[in-house]
Amino acid sequence: MAIEWVCGSLKKRKVWSDGLFTLTIDCPGVSPFEPGQFLQVGMQLPEKHLHRPYSVASPHGDELDFFIVRVQNGELTPRLWDLEVGQSIDVCKKATGSFTLSHTPVAKNLWLLATGTGLAPYIAMLREPKIWETYERIVLVHGVRYLTDLAYTEELEDYHEVHPGQLLFVPVISRALAVHGYQGRITQAIESGKLEELAQTPLSADQSAVMMCGNPQMLDDVEAVLNSRGMRKHRRNEPGHYVVERYW
């Protein structure tokens, strides 16, 4: 089926660090979607229409945010990096994907695990009331290589102030010292028990729902750890404890 495109324009460009950025695109006409779903973003080249799927880092609206990392020698992301405010960019009209709260089990505690730009869908979810009304405690874990790879930290601090005791943010830094958080990888933090200690929250089958998004190796490793704890993937016809979004 042919993709139906909405012609948008770049409203704002936020650079977090070299090659890590958020584009705010003015694109009224995109159909309503749930936070956690993704949209195709692209542009017309002389020889073809170049586009890729990206999770939206904002709820539905006339302006949509996309959290992107520039891929060296990539076809699209260097062009997105070079876009200037006011330039046109295409966004597909209909979102897809089931990595949403409506497809996530309800539990006392919600764990949001991400690496890199896998943080995007969680930012969209945190900007709407549903997540705050559904879960007693939300633990957001963001795994990155360096401290400079962290993004949206001020916004997350604001949520912590507005919802004291409900949201806890744990950065996990693999290649630098983590002053606040854990130095290493997300899987190591879980296996050592340090992540639960930092979060002051148990990661258990009877109290937890888990969402995870990002690097395939992290997803595979964390799935194995959760399975060893008696947790299983959540399916429509077979309720479980965790849901997974694979970027590639």
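Out of the residues in the range 104-142 that are open to solvent by 10 Å² or more (accessible area, probe 1.4 Å) and under 14 Å from the mean Cα position of the chain (by Cα), state the one that is nearest to L198 (Cα to Cα).
Top of the filtered list is T115.
Please count how many residues of the range 32-56 are touching a strand residue (DSSP E or B) at 6+ places or on another chain (Cβ under 9 Å) and either outside any strand (DSSP E or B) or of a type in the set (A, V, I, L, M, F, W, C) (or both).
Going through the range 32-56 one residue at a time, the tally reaches 10.
Which is touching a Pro at 6+ places or on another chain (Cβ under 9 Å), surrounded by fewer than 22 Cβ atoms within 10 Å (Cβ to Cβ) and hydrophobic (A, V, I, L, M, F, W, C), of A209, A178, A199, A205?
Only one candidate passes the filter, namely A178.
Mind checking which strands (runs of 3 or more DSSP E) fall wholly inside the range 74-160 and carry at least 2 residues that are within 20 Å of G61 (Cα to Cα)?
Once the strands (runs of 3 or more DSSP E) in the range 74-160 are filtered for at least 2 residues that are within 20 Å of G61 (Cα to Cα), what remains is 88-92.
Sort through E63, E84 and tell me the only one that's open to solvent by 70 Å² or more (accessible area, probe 1.4 Å), touching an Asp or Glu at 6+ places or on another chain (Cβ under 6 Å) and within 13 Å of I25 (Cα to Cα).
E63 is the lone residue from the list that is open to solvent by 70 Å² or more (accessible area, probe 1.4 Å), touching an Asp or Glu at 6+ places or on another chain (Cβ under 6 Å) and within 13 Å of I25 (Cα to Cα).
Taking the range 190-208 as the region of interest, how many residues are under 15 Å from S228 (Cα atoms) and free of Cβ contacts under 8 Å to residues at least 60 places away in the same chain?
7
From the residues in the range 153-167 that are under 16 Å from L110 (Cα atoms) and modelled with pLDDT of 95 or more, which one is surrounded by the most Cβ atoms within 10 Å (Cβ to Cβ)?
Per the criteria, the residue is L167.
Mind checking which residues of the range 222-246 are under 26 Å from F67 (Cβ atoms), modelled with pLDDT of 95 or more and open to solvent by 60 Å² or more (accessible area, probe 1.4 Å)?
Passing the criteria: only K233.
Select, from E47, E75, the only residue that is open to solvent by 30 Å² or more (accessible area, probe 1.4 Å), touching a residue at least 24 places away in the same chain (Cβ under 8 Å) and acidic (D, E).
That would be E75, the only listed residue that is open to solvent by 30 Å² or more (accessible area, probe 1.4 Å), touching a residue at least 24 places away in the same chain (Cβ under 8 Å) and acidic (D, E).
Can you tell me how many residues within the range 161-181 are part of a loop (DSSP other than H, G, I, E, B) and closer than 19 Å to E133 by Cβ?
So the count comes out to 4.
Looking at the range 13-29, I want the residues that are open to solvent by 20 Å² or more (accessible area, probe 1.4 Å) and have a partner that is in a strand (DSSP E or B) and small (G, A, S) with Cβ atoms under 9 Å, at least 6 apart or on another chain. Which pairs are those?
Pairs found: D26/G8; D26/S9; P28/G8; G29/G8.
Given the structure, is T24 in a helix (DSSP H, G or I) and touching a strand residue (DSSP E or B) at 6+ places or on another chain (Cβ under 8 Å)?
No.
Filter the range 64-73 for residues that are charged (D, E, K, R) and either over 30 Å from A209 (Cα atoms) or part of a loop (DSSP other than H, G, I, E, B) (or both) and give the result.
R70
If you check L80 against the conditions, is it touching a Leu at 6+ places or on another chain (Cβ under 8 Å), at negative phi and without any contact (Cβ under 8 Å) to a residue 60 or more places away in the chain?
In short, yes.
The values are calculated or read from the model by the stated rules, or taken from the named source; none is laboratory data. As the structure is a computational prediction, the values presented were derived from the model and not from experiment. Ideal geometry is used to build each Cβ from the backbone, glycine not excepted, and the neighbour counts take in all protein chains shown. With ligands, DNA and RNA removed, areas are computed over all heavy atoms of the protein, side chains included. Shrake-Rupley method; radii C 1.70, N 1.55, O 1.52, S 1.80 Å.
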